[in-house]
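Just so it is clear, none of the values below were taken in a lab; they were calculated from the coordinates. Not measured: the values here are computed from a predicted model. Positions of Cβ are generated from backbone atoms using ideal geometry, with glycine treated the same way; all protein chains shown enter the neighbour counts.
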Amino acid sequence: MKHYQYRIKGEPVVIHAVEHTEDLDGFRTFVRRNLKCLSADSETTGLDTYSATNRLRLVQFGTPAEAWVIPVEHGGEFAEDVRRTLRAVKRMVIHNASFDLQVWDRHLGVRLEELWPKVLDTKVLSHLIDPRGQDEGGTGQSLEALTARYIDSQTADEAKGLMTRLAKEHKTTKNRIWSLIDVDHPDYVLYAGMDTILAARLARMLAPLVPVSARPLIRYEHEVAEACSVMERNGFLLDVDYALGLSARLQGEEQAAREIAAGLGCDNANSTEQVANALEARGVTISGRTEKGKRKVDKVLLERLAGQGDELARAVIDAKKAAKWRSTWVDKFLANMDSDGRCHASINSLRARTARMSITGIPAQTLPSGDWKIRRCFVADVGHLIASVDYQTQELRVLAALSKDRRMRAAFAAGADLHQITADAAEVARGVGKATNFTYVYGGGAKAVAETAGVPVAVARKVIAGFEKSYPQVAGYSLRLQHIAARQGYITTPTGRRLPVDRSRAYSALNYMVQSTSRDVTCRGILRLYKGGYGPYLRLPIHDEVVASIPAHKSAWGAAEIGHLMAEDMDGVHIGTDPEVTGFSWGHGYMDEEERLLHVR
DNA sequence: TCGTGACGCACC
DNA sequence: AAACGGTGCGTCACGA
């Protein structure tokens, strides 16, 4: 048994490090005394919870003044005591609970469903107080930044410095120190214990700072996080043979393209500088410049040159694409999969300033959609099919509900084609109307519309004017939001969420409102699915879409049920869904008929 | 050898 | 007067 003293702004705190089973008596007394509420945290060998080599090393429990660190790595009675404690505590404060709950689920066998209902996640509180990141003028959501802002900057620095110093001492990197450091190293134990003390203090500090309007969101965001953590635990089955084949093919394509590029004077197609030099050596003039004044060599330029017959441009495009597809997607899937061949995404259910989610691990939000080959890597469970259900023009319907624009609402009620209406108002093609609708909601002007729709700026101006004439109350709504934002620095969504709006970019208020409210539509749908027993079938949420793996023998029924549960009326505007059973792989939804016939299981 | 900024590119 | 919102990630180039 060891005890470490530390001071936070002069106040003494103590960290008890359990070493022997006899030490557990003191720990049990501590738990009994604080059964009502404890903070908790864990230290693992890494963030890859589902990999075969990942281990749980420490579990820590704390109060604002005291922490106990249990070396669960030793197993036996230590692990058993932690299990009992996790189950017995009435309320648990955790910073980013999704991570720890999955760790305990995987390594201790305590199901995350059992623990989520009693968790208070300080990261959730922090986001509801200020969703901005550190580089956006906010505090960010990291424990370190929150400690510096709300508790004590010196403590934050010292806690952070501990592990950096340990890594240096052990001549290793910050990423590797977690698995190498002795489980009873004083600095490691101090660091581990401090985190729970800080989380316990943060909970007290942050809870009263959540705006009254956002209080109901506390429960709701914990439930959304729970549903997402179940999806993470489920994982998405990888078609290993297909992925290996695709990887090999991409490697061959990249190699071939690189050889051509090298023959034409460019050794590294990934280096914009080298490509620019090689192109100029061939007599190409590069007029575009980046923000920092460098020669701009992007896909637009390269495609144009390739279209004119430039072989180097073509080779560079091919080499870059094959390399990116292999390294960013396929090889990453193969590296990430667990021993059952499943990939576990990491879903940050409350991420952006607008509360939009982000997904890493499987970067599901950014997989190519124009080509099925990458998504084809992911398949339904045995005996299942993939169902994909998305909302129909979610953001525009949300805009109709929010702005109360009579004509937009009437158009949706009548089942009219909003993109066509916008197009007709300016007598342009439907595609131009569609691009304008989206770009307008993104806060774009004539220049942006011209860019995305591929029309001259003069035409873009006309289409925007047509949009505003078609839906006169939308522009008024945008202005009202801008005024509110200018007055108080933030706007409040229908769910009570505060969205800070930078005064220099007041025009983005409309987009923030629509994006955030749409996110909440999807989240409510996810919660209905989760509470309706669909948790085991859910795979990924992607903005306005949910992907699921459902038993094949009732897949059509299942997809329709999912669509039903997700659909909702918002202030009289129906936000409906398009359920689709794609096939045995996710990619099947992006194939044509002929391709589907070639890909059978 | 590491961390970081710039760039480009994938998506809704 | 006009205003492109929100993400993740790989590579290169550079400085500590």
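Values computed for the structure shown
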| item | result |
| --- | --- |
| Net length gained if the chain between A:Gln5 and A:Ser287 were fully extended (0.36 nm per residue, minus Cα distance) | 95.2 nm |
| Contour minus Cα-Cα distance for A:His574 and A:Leu479 (0.36 nm per residue) | 31.7 nm |
| Two-site FRET efficiency, A:Arg407 against A:Gln488, from Cβ-Cβ distance with R₀ of 25 Å, rounded to 0.05 | 0.25 |
| Spin-label pair A:Thr173/A:Arg91, simplified geometry with 7 Å Cα→Cβ offset, distance in nm | 4.1 |
| Of A:Lys434/A:Lys469; A:Lys294/A:Lys320; A:Lys296/A:Lys462, those spanning more than 22 Å from alpha-carbon to alpha-carbon | A:Lys296/A:Lys462 |
| At R0 = 30 Å, FRET efficiency that the Cβ-Cβ distance of A:Asp592 and A:Thr328 yields, to 0.05 | 0.75 |
| Reachable lysines from A:Lys174, criterion Cα separation under 28 angstrom, eight or more residues apart if same chain | A:Lys2, A:Lys9, A:Lys123, A:Lys160, A:Lys324, A:Lys332 |
| Trypsin sites (Lys or Arg not before Pro) restricted to DSSP loop in the range A:79-168 with at most 15 other C-beta within 10 Å | A:Lys90, A:Arg91, A:Arg111 |
| Cα→Cβ-extended label distance, 7 Å offset, between A:Ile218 and A:Asp25, nm | 3.9 |
| Bridge type composition, chain A - antiparallel percent by DSSP, nearest 5 | 85 |
| Cα gyration tensor category, rounded, prolate or oblate, for the range A:2-210 with a/c compared to 1.5 | rounded |
| In Hz, Karplus ³J(HN,Hα) per residue of the range A:382-391 (6.51, -1.76, 1.60; θ = phi - 60°; x = Gly, Pro) | 4, x, 10, 10, 7, 10, 10, 10, 10, 7 |
| Phi to ³J(HN,Hα) by Karplus 6.51 cos²θ - 1.76 cosθ + 1.60 over the range A:510-518, Hz, x for Gly, Pro | 4, 4, 4, 4, 5, 5, 5, 5, 5 |
| Cβ charges +1 (Lys, Arg) and -1 (Asp, Glu), total dipole of the range A:308-431, debye | 380 |
| Whole-angstrom gap from the range A:77-147 to the range A:1-54, using each part's C-alpha centre | 14 |
| Options A:Ala192, A:Thr522, A:Val398, ranked by Cα towards positive dipole end of chain A, top entry (Cβ charges) | A:Val398 |
| Proxy reagent accessibility, fewest Cβ within 10 Å first, across A:Lys373, A:Lys171 | A:Lys171, A:Lys373 |
| Under 12 Å from A:Lys118, Cα to Cα: aspartates and glutamates that are on another chain or at least 8 residues apart | A:Glu223, A:Glu226 |
| Formal net charge of residues neighbouring A:Asn54 (Cβ-Cβ distance under 15 Å; K, R +1; D, E -1) | -2 |
| Ranked by how many other beta carbons lie within 10 Å on average, peptides A:175-187, A:311-323 from highest | A:311-323, A:175-187 |
| Residue-count net charge about A:Gly445 - beta-carbon cut-off 15 Å; Lys, Arg +1, Asp, Glu -1 | +2 |
| Dimensionless Rg over Rh [chain A; C-alpha; Kirkwood] | 0.99 |
| Amide hydrogen neighbours beyond the local backbone of A:Thr577, cut-off 5 Å, H modeled | A:Gln392 |
| Karplus-derived 3J(HN,Hα), 6.51/-1.76/1.60, for each residue of the range A:99-104, Hz, glycine and proline x | 5, 5, 5, 6, 4, 5 |
| Cβ-derived FRET efficiency at R0 30 Å, A:Gln365 paired with A:Glu303, nearest 0.05 | 0.80 |
